[in-house]
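Input: a single structure, listed below in structure tokens.
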Amino acid sequence: MDSKDRVIAMALASIAAVLAVVVLWTRSLSNQGLEALAHASLPLDEALSNGRPTLVEFYADWCQVCHQMEPTMAQLKKNHRGALDLVLLNVENPLWEQELDQFQVRGIPTFLFYDADGSVQGRAVGLLPPEQLEAMAAALLHDAPLPFLNNQGATSAIGKAAPDQEGTAVGPRSHGERVG
């Protein structure tokens, strides 16, 4: 290999390294968005008792639709800071098992809309366009009926759990563990 080929090989290796760093950095930013919003959230009981309307999102790190909703949720937080509480609850966290059962969360993202008194005003499941979510947040803030609740967003497809030879099935929240 002559010096010209070595220079070309080094240049290509440098470009590949830079691209790898950019890809990894971009992925880490998208994962931090949901987690950062969740960590900045008020505890659920505090949000429901502080006299402000609350929007709760049940999400998961692996949920593509949840990641698509992250910029919308961040914008809602920015637009309504101090007037509307946003609470993000990761369905992967066992701390929220009671809430998952209580609110019958069967698909993600699941959104629950609470008025200032902490009463549920509605729920939606799946990908919601930013303008619809903003309209629902505005309705909560003005103590008005929530629009768009008859329309459910798109959710990730989950096939029916098929029994294996032992007659057990993999459940949608089991992460590969056998249930039944």
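Selection of first residues in the range 4-16 that are surrounded by 10 or more Cβ atoms within 10 Å (Cβ to Cβ) and of second residues that are not in a helix (DSSP H, G or I), restricted to Cβ pairs under 6 Å at least 6 apart or on distinct chains, gives an empty result. Quick check: anything in the range 72-90 loosely packed, with under 13 Cβ neighbours inside 10 Å, touching a Pro at 6+ places or on another chain (Cβ under 9 Å) and modelled with pLDDT of 95 or more? Yes, that holds for at least one residue.
Residues checked against (1) surrounded by 15 or more Cβ atoms within 10 Å (Cβ to Cβ); (2) of a type in the set (Asp, Glu):
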{"residue": "Asp101", "(1), (2)": "no, yes"}
{"residue": "Gln121", "(1), (2)": "yes, no"}
{"residue": "Leu128", "(1), (2)": "yes, no"}
{"residue": "Leu133", "(1), (2)": "yes, no"}
{"residue": "Met136", "(1), (2)": "yes, no"}
{"residue": "Ala139", "(1), (2)": "yes, no"}
{"residue": "Pro145", "(1), (2)": "no, no"}
{"residue": "Phe148", "(1), (2)": "yes, no"}
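Of all residues in the range 56-67, those being out of contact with any Asp or Glu (no Cβ under 7 Å at 6 or more places or on another chain) and either without any contact (Cβ under 8 Å) to a residue 24 or more places away in the chain or over 14 Å from Val125 (Cβ atoms) (or both) number 3. Condition (residue is surrounded by fewer than 18 Cβ atoms within 10 Å (Cβ to Cβ), more than 11 Å from the chain's Cα centre (by Cα) and closer than 18 Å to His142 by Cα) applied to the range 51-66: is it met by at least one residue? Yes, the range 51-66 has at least one match. Return the residue satisfying two criteria in turn: it lies in the range 1-36 and is within 30 Å of Ala60 (Cβ to Cβ) and either hydroxyl-bearing (Ser, Thr, Tyr) or in contact with a helix residue (DSSP H, G or I) (Cβ under 6 Å, 6 or more places away or on another chain) (or both), and of such residues it is modelled with the lowest pLDDT. Out of the qualifying residues, it is Ser30.
Residue-wise test of (1) modelled with pLDDT under 95; (2) over 18 Å from Ala47 (Cβ atoms); (3) over 16 Å from the mean Cα position of the chain (by Cα).
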residue: Trp96; (1), (2), (3): yes, no, no
residue: Gln102; (1), (2), (3): yes, no, yes
residue: Arg106; (1), (2), (3): yes, yes, no
residue: Phe113; (1), (2), (3): no, no, no
residue: Ala116; (1), (2), (3): no, no, yes
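Taking (1) of a type outside the set (A, V, I, L, M, F, W, C); (2) touching a strand residue (DSSP E or B) at 6+ places or on another chain (Cβ under 7 Å); (3) not in a helix (DSSP H, G or I) in turn, Gln68 satisfies each apart from (3).
The values are calculated or read from the model by the stated rules, or taken from the named source; none is laboratory data. These numbers were taken from a predicted model, which means no experiment stands behind them. Virtual Cβ from ideal backbone geometry, glycine too; neighbours counted across all protein chains shown.
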